[in-house]
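Asks: Input: one structure, supplied below.
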Amino acid sequence: MTYEDHAYQGGPVPPPGCPAHRAGGGPRGDGLARLFGPEAEADPAGFYEKLRAEYGEVAPVLLHGDLPAWLVLGYSANLTAMRTPSRFSRDSRRWTEFREGRVPADSPVLPVIAWQPTCSFVDGEEHRRLRTAVTDGLNRFDRRGMRRFVTRFSDQLIAEFGDSGRVDLVSQFAEHLPMLVMTQLLGMPEEYGPRLVEAARDLVKGTETAVASNEYVVESLRRTVERKRSEPGQDLVTWLIEHPSGLNEEEVLEHLRSVLLAANETTINLISETLKMVLTDSRFRAHLSGGQMTLPDALDQVLWDSPPFMLVPGRWATGDTELGGRAIKAGDMLLLGVAAGNADPAVRPDLDTPLFGNRSHLAFGSGPHECPGQEIGRAIAESGIDILLTRLPDLQLSVEEHELVWRGNWMSRHLTELPARFTPIGELHPQRRAVGASAGASVNAGAGAGLGGATGVGAGALVSTPSAAPAAPVGAAVPGPRSAVRPPLPPAPPAPPVVPPQRRGWWSTLLARLRG
């Protein structure tokens, strides 16, 4: 059955050439699978395979609000969409649904597809100009330098729980490490780090305080940019400001925000899923302990099996074309099914076969929009996990694997907790007994092992996040992920509140405030 058969089930199908005869034409929701809701979010892998069995490489689906899109399931079809911007553009302003006014102002898809002045949303010469500035800046970092930051903050985090013998590896390690390291790479004041951890997580979760959290992230970056104009340094902010591509202030800020939040979210998931695999999968546990499999191999396997984003929006057809046997119309949106493509039987007939050293997965994309910061994310995850396993050599899961819980949405899913136990550091090394983060102790047990043989460097205590005052009203009615106003730097956002499942998203809250 074709897309049109589904879309017009129970009614006449418009003839070819009719404006309604396209992906998304006609009534919404008749017979098409929705990418949101219990079925899609409870078992995304099974959901994708069900679609593949029915439609093949490309499937018609519905987004929130029953907005139509094409989900690319095949490995080869994904590569085609990623590598041919002449057919499938990154400019979301091409979307037919948007141009014809069918996307509600409070649609939950807008925060991730609304056009922004970044290299992720343009093609051609403008893309080359903006992306060159980003890649040149990111490529100036070396693994040894990043390793020092990762060691410093890993030891600091381990010192927080090292004497307790118990830890939740998600909330006490994975959710903190990437942002703490990234703030240093961007040249931000160290005291911003712990507060940005909370703000970034709150923003991504879409809680009622997400607007205040987004404003804190933007204002933190804006202040850093202002300071770096008079006090340049060896950091990404300075390099973007000074790059010959000539980025304006808005372009600098938007790229910094994208790099900061994207690197944080993807690396959190990569660390969590790799630690989960190391602690639960007997194949890899045995290989790791026996030295037959390296930690980079484990990361690659996770990027195949559990990519940080299951699907990535999007691409927009520049004209009428064909993909995977489907007739794609100009302005149709494609969703890149990264997880589904990685599991395509055409390239992986047996999902249980290890893929040691194989980096041809789709987790970081391909083509001109391939993730420019993938090596930084890998370096943070790889070094952080290596240091953690070195410091806590008998780390093991403290619950049964079937008790682990994920929360998900239409783009990704995340481990909620990864409880583990270990021998307290004070018992392992009484002569180096950790005195806790309050004393700024460095935990150096086993230093020199693992990647690079770096020595642990203590970084002092984590700064606790103070209670936040109410967020300042957002006063500029500008669509997109950041406000145009420039209030004083707000206090750190509060811890995300417990909100009923049907809570209002941060985008809706922002728009409500914009409307007064």
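Asks: Can you tell me which of 217, 211, 237 is surrounded by 19 or more Cβ atoms within 10 Å (Cβ to Cβ), closer than 20 Å to residue 111 by Cα, touching a residue at least 40 places away in the same chain (Cβ under 8 Å) and more than 17 Å from the chain's Cα centre (by Cα)? So that I can check it myself, show each step before the final result.
Replies: Values: 217 fails: more than 17 Å from the chain's Cα centre (by Cα); 237 fails: closer than 20 Å to residue 111 by Cα.
Residue meeting the stated conditions: 211.
Asks: Of 365, 384, 377, which residue is closer than 23 Å to residue 75 by Cβ, open to solvent by less than 30 Å² (accessible area, probe 1.4 Å) and either touching a Leu at 6+ places or on another chain (Cβ under 7 Å) or assigned to a helix (DSSP H, G or I) (or both)? Please lay out each step first, then the result.
Replies: On the way: 365 fails: either touching a Leu at 6+ places or on another chain (Cβ under 7 Å) or assigned to a helix (DSSP H, G or I) (or both); 384 fails: closer than 23 Å to residue 75 by Cβ.
Going through 365, 384, 377 in turn, the sole match is 377.
Asks: For residue 99, only one of the following conditions fails: (1) out of contact with any helix residue (DSSP H, G or I) (no Cβ under 6 Å at 6 or more places or on another chain); (2) on the phi > 0 side of the Ramachandran plot. What is its number?
Replies: Here residue 99 clears every test but (2).
Asks: Let me ask something additional. Hey, does the stretch 167-190 have a residue that's within 20 Å of the chain's Cα centre (by Cα) and either among the small types (Gly, Ala, Ser) or at pLDDT below 90 (or both)?
Replies: Initial filter on the stretch 167-190 (within 20 Å of the chain's Cα centre (by Cα)): 169-186.
So of that shortlist, the ones also either among the small types (Gly, Ala, Ser) or at pLDDT below 90 (or both) come out as 171, 174.
Within the stretch 167-190, one or more residues are within 20 Å of the chain's Cα centre (by Cα) and either among the small types (Gly, Ala, Ser) or at pLDDT below 90 (or both).
Asks: Evaluate the following for residue 311: is it touching a Gly at 6+ places or on another chain (Cβ under 8 Å) and either within 23 Å of residue 176 (Cα to Cα) or at pLDDT 95 or above (or both)? Reasoning before the result, please.
Replies: Details: touching a Gly at 6+ places or on another chain (Cβ under 8 Å): yes; either within 23 Å of residue 176 (Cα to Cα) or at pLDDT 95 or above (or both): no.
Considered against the rule, which asks whether it is touching a Gly at 6+ places or on another chain (Cβ under 8 Å) and either within 23 Å of residue 176 (Cα to Cα) or at pLDDT 95 or above (or both), residue 311 comes out as no.
Asks: Taking the condition of being open to solvent by 30 Å² or more (accessible area, probe 1.4 Å), under 29 Å from residue 273 (Cβ atoms) and in contact (Cβ under 8 Å) with a residue 24 or more places away in the chain, how many residues in the stretch 321-354 meet it? Outline the logic, then answer.
Replies: Going through the stretch 321-354, the residues open to solvent by 30 Å² or more (accessible area, probe 1.4 Å) turn out to be 321-322, 325-327, 329-330, 345-347, 349-354.
Those left that are additionally under 29 Å from residue 273 (Cβ atoms): 345-347, 349-354.
Going one step further and asking which of them are in contact (Cβ under 8 Å) with a residue 24 or more places away in the chain, we end up with 346-347, 351, 354.
Total satisfying the criteria: 4.
Asks: Counting only residues that are part of a strand (DSSP E or B) and without any contact (Cβ under 8 Å) to a residue 60 or more places away in the chain, how many does the stretch 46-59 have?
Replies: Kept after step one, since they are part of a strand (DSSP E or B), are these residues of the stretch 46-59: 58-59.
Then keep just the ones that are without any contact (Cβ under 8 Å) to a residue 60 or more places away in the chain; that gives 59.
So the count comes out to 1.
The values are calculated or read from the model by the stated rules, or taken from the named source; none is laboratory data. Only a predicted model underlies this, so the values are computations on that prediction, with no experimental measurement involved. Using ideal geometry, Cβ is built from the backbone for each residue, glycine included, and neighbour counts are taken over all protein chains shown. Please note that ligands, DNA and RNA were not included when accessible areas were found on the heavy atoms of the full protein model with its side chains. Shrake-Rupley method; radii C 1.70, N 1.55, O 1.52, S 1.80 Å.
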